Structure formats: structure tokens, C-alpha cells
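Novice: Before anything else, here's the structure in question.
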Amino acid sequence: MSAKSEELEGLRDGEPGQGHPAAVHGSGAGGPSAEADALAETVSLPAADPALAETVSLNVADERDHMRIRPSADLPSASDPVPQDVAEETARAVAEASADSADGTAGPESEFGAQAAAEGEAAEAPFPSRRRRHTPLYGRGVRVLPWKHKARLNPTQRRRRKIVVRSLWGCVLVFAGTLGWSIGGALTSPGTDTVQARLAEWGRDHGMGGAVAQLEQWQYDLNPPAKGGSVDAKQFTDLGPTAGVPTAAKPSKSGAVPGKPGAPSSQAADVIAMQPRMPAPPGLTLDPGEGVFQVAVQTPTGQPVVQVARIRPDAVYTGTTADVAVIDQKHSSYVLHPGHEGGLNSIIKDVPNQIDTNARPNLIALFNGGFKISESQGGYYDHGVTAATLVNGAASEVIFKDGHMAVGMWGRDYSFQKNSDIVSVRQNLKLMVDNGQVVPYIDDSSDWGRADHGSAAVWRSGVGVKANGDIVWVGGNTLTAPSLARLLKDAGAVRAMQLDINLRWADFQYFPAHDGNPDNSKLYEDFLQGPNKFFENSTKDFMAVYMR
């Protein structure tokens, strides 16, 4: 080491130099000696935090340039642990200061910056970047949720967030519990309805009728009924136990005058004529047995009080059939039963919403009612109680004190002013057959229900009255509103109305033994909800037919 270097080292160690009483390193109160000024300079680089200030000493006189980084006296010792984030910030500050110095063009600072950068690149790897937090909710360094991570909140903010989050979860749990309770009640309510039917009706009861209708439309679009096809000839004759044509049956006596439409005919009580064969639908030729009526229920004297036939609905859907039933009113009487849907049976309390055991004797037939009252565009009245206001112009099933039933337009054909003996009225939509003809607006799909409109070929049912007072019921699959109306007209109805639609609601049962035993009922023995539909808290209203 040269003499100059040894002298410089002595000055750094606090030893007096030659010819000088003392040598002080740095910018002390007394200042350095002239020789020390010529040999060394001290450059101080401020850090981002004053507590992290560092002094960089550069020896420009020595042939080998030295750089030392000395922490300030108030920093913790090297033995003290340094937090990771503090260490990272410190390294970043030094790197930024070095970069700033390297950008200079004059002075010892510029020279120091270049040397420091060169030695830094050779001595160690680049400084680490800021650690990027990775959590399932926040992602790797990217905020997914619209709020800060709890680690960046102070205690007050954390406490406030905890209250808000717990309150929101409480609301969610209350809502989910209420929703689950409501749906659970619908799924466990009495009756034989399917899960799909219960959920659909629950949705309609809670303001989601439009969504339910759209789902049904999508289901229909994805699984439309097949067009064309053929029917096994056995379907036209296999309608359950029949007695054939009764020996006592014969046409009406010559000169007999039929009764007023909607009332029992004046034909002799002991003679009931068999119904003529149904005409072929347009574009079709009837197959053997198709459209031929058979005796379903007889009177004790062997007269055909209920007759049934089966026929294809039209020339488009030839792979399915519709059923037609004609009920003689001279030997039958009708009772309208409410359902529990919409609390109807809680308003109409004198008539049960099911067929009780004591009401089974003499029961000969059951068939479905109309739409849900809130969607029927009509009202409901029974034995002096108005469950829903009757609407003028609505198609109506009307029952009188003597037990006979009629079908007509309310206000025009029947009303309380015209008929003081009315005991029950069930309204649903508009007439689809009037004056013996299909109505002109039959192709307007908006008139036949919001779900599965008139243009859709689905399960449908309808009821009408013949000129002699007999009742006609028609129902089956792949029926459109026009085809249903035409079948009612072809069966002899002079006025007819649509009842409920869809497989889970359209239903007709008859009881050959007059005992009302659902196990012996026929026609729809494979019905979706089974034969017990009307014997176990029926969801919807229905009509019961008894032997007079």
C-alpha cells in the first residue's frame, strides 16, 4: 500500500496525520484537514425514509476505488431481524438512487453512479419486485372482488366490514330459509300432483307465471309432438268393459220433440239411443272401430247413460287419438267440487275438494274443471258463495237445483236474473262452439291460455251441451284449439267451452259399477296422476256425475 493510502487509512481510523493535530472523517463541526480534503470526498445519498439514510464514501485518490455503504447510527443493528417489506423497500430506494446518479453527466456523483451500477450488476442479482398476493378471491396480484383485502384494512375498517358481511349473510339465510319453506310446503301439499306440476303452480302463485309459460314453451319446442304415424286398431275398441249395444236401445220415437238446449230432453226415460258414429276428420278415412260409440256405464235397466268413442284428432297428428264421452242427462246429475288451489276450498266450505267415501255410491263419472281461477278470465260461484266474480260474456258451466248442467255464455244464455234456480257456475275463457258452429276467433291463440297457446298441439279438454241436453266431453293429446272445437261440434255440441289443458290436468274417469272405486275407473287408467286424483285433496276443481 502506498504512503498516501496508509495516511488515508489512518485518517479513517481517527489517527492524526503527519503535520496535522487531528483528522476527522466526514463533515464534522471542525471540518476535515486540507490534505484529507484532497484525498477523499464524502457523498451522502438521501433515502426515501430519513430513518433509512445511508452514507456512501468514495475514495477517489486510491488506485483501487472503494465503495462503502454505512447505515446511519439510528438504524437497528445487523443482528436485529428486518421485516421483508422493509428490506424490499430499502433495496428499491437504493436502486432508484443509483439509477438517478447514473443519469448525471458531471461531478463525482455521476462517476460514483456509474461505478456503483457496474459493481452492483457484477456482485448481485436484480432487486426483487413487490410480492403479489395470491388468494382464491383476489387472484394473483389482481383484485377480483370490488373491495380491498382485509390485510390492507385498519381495525376499525375490519370491524365495520365484518358487521356488513354478517348482516348480508343473515339476509341471504333468511331469504333462502323462507324460499325453501315455501317450496317445501308446495311439494308436500296434499294431492297426487307431480313434482313438476307443483313447482309450476308454485311459480305461477308467486308472480312467475310468465317464466313458467316460457319454460313450458321451450319444453314444447324441444319435444314437439310427432306428426303423421298410425294408431293400433285395438285402441279404437279397447275402452274398458263395455256391454255393447243394449237390446232395449233404439232411436227416439217418431215425433219426439227434443228439449231446450241445456235441459234434459223429453225423450222417454226408459229409452236411450246410441250415439251415431263420429264423422271422419277432414282429410282422413275412419279405420274400423274408429269413432264408434260404446257403452261405458249403464242404468240398472241396461240403458247407456255414458257412451265413449275414440278417434284421431286431425290429418296432421295421426299417431294419437282423442276420447269423446256423451252423458245422458235424464239419468245423471252434476256436482261442482272446488280444489285447494288458491284457497278455493277455504271459500267454498259446503262442498269438499275430493270425493269422500260416503259420496262414492252412484258415482258414474268425473272430469276436470277449467284453468286456475286467476287465469280463467272468469269467476266461480257455488250455493250462494262467490269465490270469484262472474264475468259477462264468459263461457260457463251452469248447474241448476235439479242437478242438470248446461253450457253457455253468461249474461246472454244464463244469469241470476233469468234463472233463479242456479246453484253453481264455473267460468273459463270464451265459447269455442256457439250455435252449433266453431267460433270465428278459434285461430286466435291468445284466447285459449297463456301457456301452450291455441296453436300448440297438447293435451286439451273441453265440455259442451247437445241440443237435447246431453253433455259432451272431449279430451286427448296433440289437440289444438281448432281441432278440439271441431271434435266437440262433430259430437253434437251446440255450445262448448275449453276446460283445462296439459297432461297433468285433462282427465275423464267413468265407473261401470256405480261405486266410484278409482281402481275400477276406465278411459284414462294410465293417466299421469293416477286414478286417485279426485279422491285425495284435489288441487283443482272438478265435476262429479252421479246416477240420478
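Novice: Please enumerate the residues belonging to the stretch 430-458 that are within 29 Å of the chain's Cα centre (by Cα) and either at pLDDT 95 or above or of a type outside the set (A, V, I, L, M, F, W, C) (or both).
Specialist: Scanning the stretch 430-458 gives 444, 445, 446, 447, 449, 450, 452, 453, 454, 455.
Novice: Can you report the number of residues in the stretch 414-430 which are out of contact with any His (no Cβ under 9 Å at 6 or more places or on another chain) and open to solvent by less than 40 Å² (accessible area, probe 1.4 Å)?
Specialist: So the count comes out to 9.
Novice: Another question about this same structure. Quick check, is residue 426 part of a strand (DSSP E or B), over 30 Å from residue 208 (Cα atoms) and not acidic (Asp, Glu)?
Specialist: no
Novice: Can you confirm whether the stretch 510-531 contains a residue that is of a type in the set (A, V, I, L, M, F, W, C), assigned to a loop (DSSP other than H, G, I, E, B), without any contact (Cβ under 8 Å) to a residue 60 or more places away in the chain and open to solvent by less than 30 Å² (accessible area, probe 1.4 Å)?
Specialist: yes
Novice: If the requirement is being crowded, with 19+ Cβ neighbours inside 10 Å and part of a loop (DSSP other than H, G, I, E, B), which of these qualifies: 289, 339?
Specialist: 339
Novice: On the given criteria, is residue 345 surrounded by 15 or more Cβ atoms within 10 Å (Cβ to Cβ) and touching a strand residue (DSSP E or B) at 6+ places or on another chain (Cβ under 8 Å)?
Specialist: The answer is no for residue 345.
Novice: Right, something else. For the stretch 484-496, how many residues meet the condition of being open to solvent by 10 Å² or more (accessible area, probe 1.4 Å) and within 12 Å of residue 438 (Cβ to Cβ)?
Specialist: 5
Novice: Just to be sure I understand the filter: pairs with C-beta atoms under 9 Å, separated by 6 or more residues or on different chains, first member in the stretch 433-446 and farther than 10 Å from residue 481 by Cβ, second member small (Gly, Ala, Ser) and modelled with pLDDT under 90. Which pairs pass?
Specialist: Pairs found: 446/454.
Novice: Of the residues 231, 172, which single one is closer than 30 Å to residue 295 by Cα, modelled with pLDDT of 75 or more and of a type in the set (Val, Ile, Thr)?
Specialist: The unique qualifying residue is 231.
Novice: Here is a list: 160, 204. Which entry is modelled with pLDDT of 75 or more, of a type in the set (D, E, K, R) and either open to solvent by less than 90 Å² (accessible area, probe 1.4 Å) or assigned to a helix (DSSP H, G or I) (or both)?
Specialist: Every option except 160 fails the conditions.
Novice: Quick test for you: out of 411, 393, 369, pick the one residue that is under 16 Å from residue 342 (Cα atoms) and open to solvent by less than 60 Å² (accessible area, probe 1.4 Å).
Specialist: Result of the check over 411, 393, 369: 369.
Novice: Now, a different point. Would you pick out the residues in the stretch 354-379 that are among the aromatic types (Phe, Trp, Tyr) and assigned to a loop (DSSP other than H, G, I, E, B)?
Specialist: 371
Novice: I'd like to check something: does the stretch 352-360 contain any residue that is open to solvent by less than 50 Å² (accessible area, probe 1.4 Å), more than 23 Å from residue 449 (Cβ to Cβ) and of a type in the set (D, E, K, R)?
Specialist: Taking every residue of the stretch 352-360 in turn, none turns out to be open to solvent by less than 50 Å² (accessible area, probe 1.4 Å), more than 23 Å from residue 449 (Cβ to Cβ) and of a type in the set (D, E, K, R).
The values are calculated or read from the model by the stated rules, or taken from the named source; none is laboratory data. The shown structure was predicted, so the numbers you read here are calculated from the model rather than taken from an experiment. A quick note on method: Cβ atoms are made from the backbone with ideal geometry, for glycine too, and the neighbour counts reach across all protein chains shown. Accessible surface is based on the protein model in full, side chains and every heavy atom, while ligands, DNA and RNA are left aside. Shrake-Rupley method; radii C 1.70, N 1.55, O 1.52, S 1.80 Å.
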